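The values are calculated or read from the model by the stated rules, or taken from the named source; none is laboratory data. From a predicted model like this one, the values you see are computed outputs, not experimental measurements. Counting neighbours? That spans all protein chains shown, and the Cβs are built from the backbone with ideal geometry, glycine included.
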Amino acid sequence: MTNALEITNLRKSYGDVQALDGVSLTVPEGSFFGLLGPNGAGKTTFISILVGLVRKSGGEALVFGHDVETDYRAARDAIGLAPQEFNVDRFFPIHEVLEHKAGYHGIPAAEARVRAADALKRVGIYDKRNTRFDWLSGGMKRRFMIARALVTEPELLILDEPSAGVDVQLRRDLWDLVTELNEQGTTILLTTHYIEEAERLCDEVAILDSGRVVAVASPEALKGRGADHITIHLHNAPHSRPQLLVGDDRVESIEWNDDQLIVTAREGGLIAPTLVRELDREGLEIVDMEIARTSLEEIFVEMTHSGVDRTPSDQDEKEHAAPIATDGGHGERTQ
Amino acid sequence: MSAIDRLAARTPLPVGFYTLTKREILRYVRRPKNTFAPPLITNILYFSVFGVVLGARVGEIIGVPYILFILPGLIVLGAISNAFENASFSIFHGRWNEYIHETLTSPLSYTQMVWAYIISAAFRGLLVGVIIAAVGVAIISSLYQPVPVENPFYLMAFMIVIVLLFASLGVVGGLLATDFDDLTMMNQFILRPLVFFGAVFYSLNDLTPLLRDISLLNPMVYMVNGVRYGFLGVAEVDPNLSLAVLAGATVVVASIDVWLFKRGYGLTD
Ligand SMILES: Nc1ncnc2c1ncn2[C@@H]1O[C@H](COP(=O)(O)OP(=O)(O)OP(=O)(O)O)[C@@H](O)[C@H]1O
Ligand SMILES: [Mg+2]
């Protein structure tokens, strides 16, 4: 099977700025791949090289086996891109902009008209088809960018921060849409600042920092690399503090605060039953226990040494609560 | 447009190239007030003032009324400046607002992209040339004499070659420009002087030998001369040589355009 993307040691410098510093990545066909990284990490630069808007300084980039420079036509034909910045022809009504885009990809006028209408319906702005881009609202503009990426029915759909500044409804519509496309076989490359989005959608994520790939893994595996926090409240503070979990190398630290015990360890969910048994054996009565799983966000911050935006909080969308775990308390910890 | 679309679908024209050319043509055809009214009005003024008023004093040049003598030059002036302006503006505007990305990220070959811009701009130049010719012919034939077309083949060939040449130059201009003022500069300070000293309004024979030799360095002289040969059948320079040189120049400039697109000059970082 060919890979959707095969990137080897890709480099890009803008004068003194080394935007990409030897990026190697493989995106399998059919996958939903996330590209995460703080501002300026090089995500947009990476994508722009694939579609020919930025010239690489070194390395190799193949799109479905087609080199982005020597075989640029085939490479570009495979890609549908919804870029971070609006770059739309504002002279023509939006349905014509789509028809033109389809035409450049070799789709004859009659079929292009059908495709344009379909794409506009798909993102829910068909009733605006005769309007120019400038007259769309901000959210509709984002929708239009997706429609333009879809109109050529690309094998690889690239979304560069599609959910920046969009409301909850649009973000959900977008998630549904891309999930559906991915299920139908479209490979998806998504960049985002919203960790939750990556966690929910992606099979695999690459974390990019200062032009380098610092990690490539599934969101689950990445989370497994971080430590969990088990917080236990005892009925009474113990007279003497017992030695717990001796010899378990998954444990990073054990802290006591009177009647409260905080164990920091990898695979907290697996350690918890042992911990409960040991406390029981010491005759200590547990009144409350929480396991806070590491969020992907924490891993991300640790790996990139920088802050990220959180999804503008909508409580109903929180998802990473394991059965006996709650999400509480990340903010209080210092790393 | 759909009748033309259907027609195009039956030709071997690549769809991508056809689409981009069509888009570029629609961009000015849909704004007739901007595209066609200005050359119409300007040239009615030119013919009235230079031709009718001034012409009454100048009398005849190379055996024809002055107004007829300047007709080819005015056609050339309108045609090439519109071809140049359209190509340079369209490319620069697309770069400025980044919608040229829609084209650049598409699977068109660089050659197709360039020729779509050239042909659409050249076509605008031709349309404007036809408008000016119509104005000129209307005025001249009602006030003076019928306008002859002695060598229709040369007339067509020269017109086509010069609008292609200036559309190609316009592509270079659109890629080189860094702001809108650059575009105005190119038109006002390079194109216009060349045209005005290109024997539009006077005959080379009226110049001193030195000035005449200097004038022959101006490519505009050959264009005006060629188009004039098409209408009047008199040439001050060999039309075949002129045509060959201009066609050669067009090929060279268009190749430079393709090379610039390939390198991404002004288009990619
Ligand atoms: N055209 C350019 N000229 C010079 N430097 C640039 C250019 N484009 C990007 N850079 C620099 O390259 C680096 C990577 O930028 P890039 O836009 O790829 O980051 P990003 O990961 O997409 O960031 P964001 O999350 O903010 O969109 C940054 O330091 C940026 O300033
Ligand atoms: Mg970016």
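For A:G58, state whether it is more than 10 Å from chain B (Cβ to nearest Cβ) and either among the hydroxyl-bearing types (S, T, Y) or more than 16 Å from ligand 2 (Cβ to nearest atom) (or both).
Here the answer is yes, as A:G58 does meet what is asked.
Given the condition within 11 Å of chain A (Cβ to nearest Cβ) and under 30 Å from B:T111 (Cβ atoms), answer yes or no: does some residue in the range B:32-46 qualify?
no
Output the number of residues of the range A:77-102 satisfying the condition of being part of a helix (DSSP H, G or I) and facing another protein chain (nearest Cβ under 7 Å).
Number of matching residues: 3.
Go through the range A:57-77 residue by residue and tally those that are touching a Ser or Thr at 6+ places or on another chain (Cβ under 9 Å) and either crowded, with 19+ Cβ neighbours inside 10 Å or not small (G, A, S) (or both).
Number of matching residues: 8.
Checking A:E85 against (1) more than 16 Å from ligand 1 (Cβ to nearest atom); (2) touching an Asp or Glu at 6+ places or on another chain (Cβ under 9 Å); (3) not aliphatic (A, V, I, L, M): exactly one of these is not met. Which one?
All conditions are met except number (1).
Looking at the range A:39-53, which of its residues are more than 11 Å from ligand 2 (Cβ to nearest atom) and either under 22 Å from the mean Cα position of the chain (by Cα) or closer than 17 Å to A:S210 by Cβ (or both)?
So in the range A:39-53, the residues more than 11 Å from ligand 2 (Cβ to nearest atom) come out as A:49-53.
Correct list: A:I49, A:L50, A:V51.
Do the conditions hold for A:L36, that is, is it in contact with a strand residue (DSSP E or B) (Cβ under 9 Å, 6 or more places away or on another chain), modelled with pLDDT under 95 and within 14 Å of ligand 2 (Cβ to nearest atom)?
yes
Scanning the range A:143-187 for residues that are part of a loop (DSSP other than H, G, I, E, B), out of contact with any Ser or Thr (no Cβ under 9 Å at 6 or more places or on another chain) and more than 13 Å from every other protein chain (Cβ to nearest Cβ), which turns out nearest to ligand 1 (Cβ to nearest atom)?
A:G165
Among the residues of the range B:46-60, are any touching a residue at least 60 places away in the same chain (Cβ under 8 Å), farther than 23 Å from B:F196 by Cβ and not polar (S, T, N, Q)?
In the first step, residues of the range B:46-60 are kept if they are touching a residue at least 60 places away in the same chain (Cβ under 8 Å); the result is B:47-48, B:50-52.
Within this subset, residues satisfying the condition of being farther than 23 Å from B:F196 by Cβ are none.
Scanning the range B:46-60, I find no residue that is touching a residue at least 60 places away in the same chain (Cβ under 8 Å), farther than 23 Å from B:F196 by Cβ and not polar (S, T, N, Q), so the answer is no.
So the check is Cβ under 7 Å with 6+ separation or different chains; which pairs have a first residue in the range B:138-156 that's farther than 16 Å from B:G233 by Cβ and a second one that's at pLDDT below 90 and not in a helix (DSSP H, G or I)?
Once the first residue is farther than 16 Å from B:G233 by Cβ and sits in the range B:138-156, its partners that are at pLDDT below 90 and not in a helix (DSSP H, G or I) give B:Y144/B:P65.
Counting only residues that are among the small types (G, A, S) and touching a strand residue (DSSP E or B) at 6+ places or on another chain (Cβ under 7 Å), which one in the range A:2-16 is farthest from ligand 1 (Cβ to nearest atom)? Spell out how you get there, then give the answer.
Quick first cut of the range A:2-16, residues among the small types (G, A, S) only: A:4, A:13, A:15.
Subset that is touching a strand residue (DSSP E or B) at 6+ places or on another chain (Cβ under 7 Å): A:4, A:13.
Details: A:A4: 20, A:S13: 9 Å.
Among those that are among the small types (G, A, S) and touching a strand residue (DSSP E or B) at 6+ places or on another chain (Cβ under 7 Å), it is A:A4.
One residue is enough: does the range A:154-161 have a residue meeting the conditions crowded, with 19+ Cβ neighbours inside 10 Å, within 12 Å of A:L36 (Cβ to Cβ) and not basic (K, R)?
Yes, the range A:154-161 contains at least one residue that is crowded, with 19+ Cβ neighbours inside 10 Å, within 12 Å of A:L36 (Cβ to Cβ) and not basic (K, R).
Please go through the range B:237-267 and pick out each residue that is under 30 Å from B:V64 (Cα atoms), touching a residue at least 40 places away in the same chain (Cβ under 8 Å) and surrounded by fewer than 19 Cβ atoms within 10 Å (Cβ to Cβ).
Once the filter is applied, which keeps residues that are under 30 Å from B:V64 (Cα atoms), touching a residue at least 40 places away in the same chain (Cβ under 8 Å) and surrounded by fewer than 19 Cβ atoms within 10 Å (Cβ to Cβ), the range B:237-267 yields only B:A247.
What number of residues in the range A:28-43 are closer than 25 Å to A:E298 by Cβ, out of contact with any helix residue (DSSP H, G or I) (no Cβ under 7 Å at 6 or more places or on another chain) and not in a loop (DSSP other than H, G, I, E, B)? Reasoning before the result, please.
Residues of the range A:28-43 that are closer than 25 Å to A:E298 by Cβ, as a first pass: A:31-43.
Next, only the ones that are out of contact with any helix residue (DSSP H, G or I) (no Cβ under 7 Å at 6 or more places or on another chain) stay: A:31, A:33, A:39-43.
The next check asks that each one be not in a loop (DSSP other than H, G, I, E, B); those that pass are A:33, A:43.
Adding up the residues that qualify gives 2.
In contact (Cβ under 8 Å) with a residue 40 or more places away in the chain and closer than 26 Å to A:P83 by Cα: which single residue out of B:S88, B:S120 fits that description?
On the way: B:S120 fails: closer than 26 Å to A:P83 by Cα.
The unique qualifying residue is B:S88.
Look through the range B:226-235, keep the residues that are surrounded by 14 or more Cβ atoms within 10 Å (Cβ to Cβ) and touching a residue at least 40 places away in the same chain (Cβ under 8 Å), and return whichever of them is nearest to the other protein chains (Cβ to nearest Cβ).
B:V227
Say we look at the range A:162-184 and pick out the residues that are touching a residue at least 60 places away in the same chain (Cβ under 8 Å) and within 14 Å of A:G80 (Cα to Cα); which of these is farthest from ligand 2 (Cβ to nearest atom)?
A:N182
Could you say whether any residue in the range A:46-56 is hydrophobic (A, V, I, L, M, F, W, C), more than 8 Å from ligand 1 (Cβ to nearest atom), part of a loop (DSSP other than H, G, I, E, B) and without any contact (Cβ under 8 Å) to a residue 60 or more places away in the chain?
yes
What is the one condition in (1) touching a strand residue (DSSP E or B) at 6+ places or on another chain (Cβ under 9 Å); (2) within 16 Å of ligand 2 (Cβ to nearest atom); (3) assigned to a loop (DSSP other than H, G, I, E, B) that A:A19 does not satisfy?
Unmet condition: (3).
Can you tell me which residue among A:A198, A:A217 is more than 30 Å from A:L284 (Cα to Cα) and crowded, with 20+ Cβ neighbours inside 10 Å?
After applying the criteria, what remains is A:A198.
Of the conditions (1) surrounded by fewer than 21 Cβ atoms within 10 Å (Cβ to Cβ); (2) touching a residue at least 60 places away in the same chain (Cβ under 8 Å), B:M185 clears all except one; give me its number.
Answer for B:M185: the failing condition is (2).
Exactly one condition in (1) surrounded by fewer than 19 Cβ atoms within 10 Å (Cβ to Cβ); (2) at pLDDT 80 or above; (3) facing chain A (nearest Cβ under 10 Å); (4) closer than 20 Å to A:K101 by Cβ is false for B:M1; which is it?
(2)
Quick one: how many residues across the range B:116-148 are within 25 Å of B:I41 (Cβ to Cβ) and assigned to a loop (DSSP other than H, G, I, E, B)?
4
Tally the residues that are touching a residue at least 40 places away in the same chain (Cβ under 8 Å) and more than 9 Å from every other protein chain (Cβ to nearest Cβ), restricting the search to the range B:18-31.
The total comes to 4.
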